[in-house]
Amino acid sequence: MSGKKKQAVKFSAAGRPTAPAPSQAARHGQWYNYIGLLAAALGLLLYAGTLGHDYCYDDYSVTTKNSLIRGGIKNIPAIFTTQYYFGYETPGDFSKAIHMYRPLPRAVFALLWQVAPDRPGIYHLFNVLMYGLTGWLLWITWRRILAGCPAGLAAASVLLFMAHPVHTEAVANIKSLDEILALFFFTAALYGLWRFFECPRRGWLAGAAVCYGLALLSKESAITFLALFPLTIWFFTDRRLS
């Protein structure tokens, strides 16, 4: 055994991190400031080609063939009290047997329909923009969490994540906005939790709770992210969970 300790963000007895206070950008070079912008730009460039795409497969059920969505913003209250496929008009549709609650992406679909009725390009644009914004948010979150690791590790992780082809379906399909929003708001919640550790103000903790709630309203599978909060604290800090 070498006896080496894992690299982690250290916290004082008061719960505040003892990681270096000076700017990480100053230590690692000016490039450190621009990784978030690079991650966002990478997401935008990789999926700019989807802006001219039409609807496909499940997209119809939450856009042009859904009467609730076509009603625009006046139907947003109803969207928050009905299941995911409510309003889908296809005869004999399968949705009657499926009860999922994802009101946040549906509210976005209704708002976008209000702005540009029956134009798939605006939905694809929103997906691409949210994916790019998620890349930026991932960077500003993980550069804090991985503060005790080599500088390039967080950068490489985020850029690889943004470029990975496994995300193609989630970004290219209009319906898959639920996946993007769930990841975005979970990451925002994790960022808020980390800022609370750095500066224990209840506003950060409340913001993290709200963001996690929005992730749950985006897709029910976001419940699995709940385990990642203690796991991140366990692996990347020396803070005690008890």
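The values are calculated or read from the model by the stated rules, or taken from the named source; none is laboratory data. Nothing here was measured: the structure is a model prediction, and the numbers come from that model. Cβ sites come from the backbone with ideal geometry, for glycine too, and all protein chains shown count toward neighbours. With ligands, DNA and RNA removed, areas are computed over all heavy atoms of the protein, side chains included. Shrake-Rupley method; radii C 1.70, N 1.55, O 1.52, S 1.80 Å.
Residues of segment 113-150 being without any contact (Cβ under 8 Å) to a residue 24 or more places away in the chain and farther than 16 Å from ASN33 by Cβ, which ones?
Going residue by residue through segment 113-150, those that are without any contact (Cβ under 8 Å) to a residue 24 or more places away in the chain are 115-116, 119, 122, 142, 150.
Correct list: VAL115, ALA116, ARG119, ILE122, PRO150.
Within segment 52-78, track down each residue that is surrounded by 13 or more Cβ atoms within 10 Å (Cβ to Cβ) and more than 16 Å from PRO117 (Cα to Cα).
The answer is ASP58, ALA78.
Read through the list (1) outside any helix (DSSP H, G or I); (2) modelled with pLDDT of 90 or more, then give the number of the only condition that GLY43 fails.
Only one criterion in (1) outside any helix (DSSP H, G or I); (2) modelled with pLDDT of 90 or more is unmet by GLY43, namely (1).
For a quick check of your reading of the model, give me the residue pairs whose first member lies in segment 164-182 and is closer than 14 Å to ARG102 by Cβ, whose second is outside any helix (DSSP H, G or I), with beta-carbon atoms closer than 6 Å and at least 6 apart or on different chains.
Note: pairs meeting the criteria are ASP178/ARG102; ASP178/LYS219; ALA182/LYS219.
What pairs come out if I take residues in segment 200-223 that are more than 18 Å from MET130 (Cβ to Cβ) and pair them with residues that are modelled with pLDDT under 95 and among the aromatic types (Phe, Trp, Tyr) whose C-beta lies under 6 Å away, six or more apart or interchain?
Short answer, once both residue conditions are applied: TRP204/PHE196; LEU205/PHE196.
Give the residue that is most open to solvent (accessible area, probe 1.4 Å), with candidates limited to residues of segment 163-174 that are farther than 22 Å from GLY213 by Cβ and touching an Asp or Glu at 6+ places or on another chain (Cβ under 7 Å).
ASN173
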